[in-house]
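Visitor: Here it is, the structure, as structure tokens.
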Amino acid sequence: MGTREDLLAATKQCLADRGYARTTVRDIVAASGANLAAINYHFGTRDKLLNQAMLEATAAAVQQILDSLPADRAGDPAARLNTFWHKLIDSFTADRVIWTANIESAAQALHSPTLRAETGAAQQQARAGLTEALGAGDPAIGALLQTLIGGLLVQYLIDPDHSPTPEDLAAGLCGLAQLTTPD
């Protein structure tokens, strides 16, 4: 690996160990063996490096979930979605620090046009991926799933014992569909 990749790998480890807000450039430098100037050279700022590492770590976590789903997309879409919700919630527990870093980075993006643009682009990619994997090619479904994931994540991180279950989500989506279907 080169210095850029070393910095990203070290930053992902720091995010997992310390979270977004508590990861310092000194932590990254110590973990990567690179020097401080390398962060500025390759990424410009600590926040850009943290954001890139967080986006990659989050995308990898979601891709791992999607890759573990049954390959038969034409089979039972409800069962496939239910499996996705279960695995996602399990990931919220197993990879809690990465998911917390995701929320922390969103707050940082509100104050940085560059980070906001990068995060927005990643959100568009996530919607497209969800559309392909679970939305039967319908971008509206991908958008709804992404919105549900964000809300579920916040609820789960704050109060996992009282956050919606996959069954709650399925029942709510069915009820919502009935309410929004024209007569």
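The values are calculated or read from the model by the stated rules, or taken from the named source; none is laboratory data. From a predicted model like this one, the values you see are computed outputs, not experimental measurements. With ideal geometry, Cβ positions are generated from the backbone for all residues, glycine too; neighbour counts draw on all protein chains shown. Surface areas here come from the heavy atoms of the whole protein model, side chains and all, with no ligands, DNA or RNA. Shrake-Rupley method; radii C 1.70, N 1.55, O 1.52, S 1.80 Å.
Visitor: Which ones in the stretch 104-138 are farther than 20 Å from Trp85 by Cβ and touching a residue at least 12 places away in the same chain (Cβ under 8 Å)?
Guide: Once the filter is applied, which keeps residues that are farther than 20 Å from Trp85 by Cβ and touching a residue at least 12 places away in the same chain (Cβ under 8 Å), the stretch 104-138 yields Glu104, Ser105, Ala106, Gln108, Ala109, Ser112, Thr114, Leu115, Glu118, Thr119, Ala122, Gln125.
Let's see how each residue does on (1) farther than 19 Å from Ile65 by Cα; (2) among the small types (Gly, Ala, Ser); (3) touching a helix residue (DSSP H, G or I) at 6+ places or on another chain (Cβ under 6 Å):
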position: Asp138; (1), (2), (3): yes, no, no
position: Leu144; (1), (2), (3): no, no, no
position: Ile149; (1), (2), (3): no, no, no
position: Glu167; (1), (2), (3): no, no, no
position: Ala170; (1), (2), (3): no, yes, no
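Visitor: If you don't mind, there's one more thing I want to ask. Do we have Gln178 as of a type outside the set (Lys, Arg), assigned to a helix (DSSP H, G or I) and modelled with pLDDT of 95 or more here?
Guide: no
Visitor: Moving to a separate point now. Just for helices (runs of 4 or more DSSP H) wholly inside the stretch 1-73: which have at least 2 residues that are over 30 Å from Asp138 (Cα atoms) and either over 20 Å from the mean Cα position of the chain (by Cα) or among the acidic types (Asp, Glu) (or both)?
Guide: The qualifying helices (runs of 4 or more DSSP H) are 3-18, 25-32, 36-43.
Visitor: Go through (1) without any contact (Cβ under 8 Å) to a residue 12 or more places away in the chain; (2) open to solvent by less than 60 Å² (accessible area, probe 1.4 Å) for Leu69 and report which single condition fails.
Guide: Among (1) without any contact (Cβ under 8 Å) to a residue 12 or more places away in the chain; (2) open to solvent by less than 60 Å² (accessible area, probe 1.4 Å), Leu69 violates only (1).
Visitor: Now for a separate question. Which members of the stretch 112-133 meet the condition of being closer than 14 Å to Ile149 by Cα and buried (at least 18 other Cβ atoms within 10 Å of the Cβ)?
Guide: Ala126, Arg127, Gly129, Leu130, Thr131
Visitor: Follow-up. What's the number of the condition Ala78 fails, among (1) in contact (Cβ under 8 Å) with a residue 40 or more places away in the chain; (2) under 17 Å from the mean Cα position of the chain (by Cα); (3) surrounded by fewer than 18 Cβ atoms within 10 Å (Cβ to Cβ)?
Guide: Evaluating Ala78 over (1) in contact (Cβ under 8 Å) with a residue 40 or more places away in the chain; (2) under 17 Å from the mean Cα position of the chain (by Cα); (3) surrounded by fewer than 18 Cβ atoms within 10 Å (Cβ to Cβ) leaves (2) as the failure.
Rundown of residues vs (1) more than 20 Å from Leu153 (Cα to Cα); (2) open to solvent by 50 Å² or more (accessible area, probe 1.4 Å); (3) out of contact with any Ser or Thr (no Cβ under 9 Å at 6 or more places or on another chain); (4) of a type in the set (A, V, I, L, M), yes/no style:
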{"site": "Leu7", "(1), (2), (3), (4)": "yes, no, no, yes"}
{"site": "Val25", "(1), (2), (3), (4)": "yes, no, yes, yes"}
{"site": "Asn40", "(1), (2), (3), (4)": "yes, yes, yes, no"}
{"site": "Leu49", "(1), (2), (3), (4)": "yes, no, no, yes"}
{"site": "Ala53", "(1), (2), (3), (4)": "no, no, no, yes"}
{"site": "Gln64", "(1), (2), (3), (4)": "no, yes, no, no"}
{"site": "Trp85", "(1), (2), (3), (4)": "no, no, no, no"}
{"site": "Val97", "(1), (2), (3), (4)": "no, yes, yes, yes"}
{"site": "Ala101", "(1), (2), (3), (4)": "no, no, no, yes"}
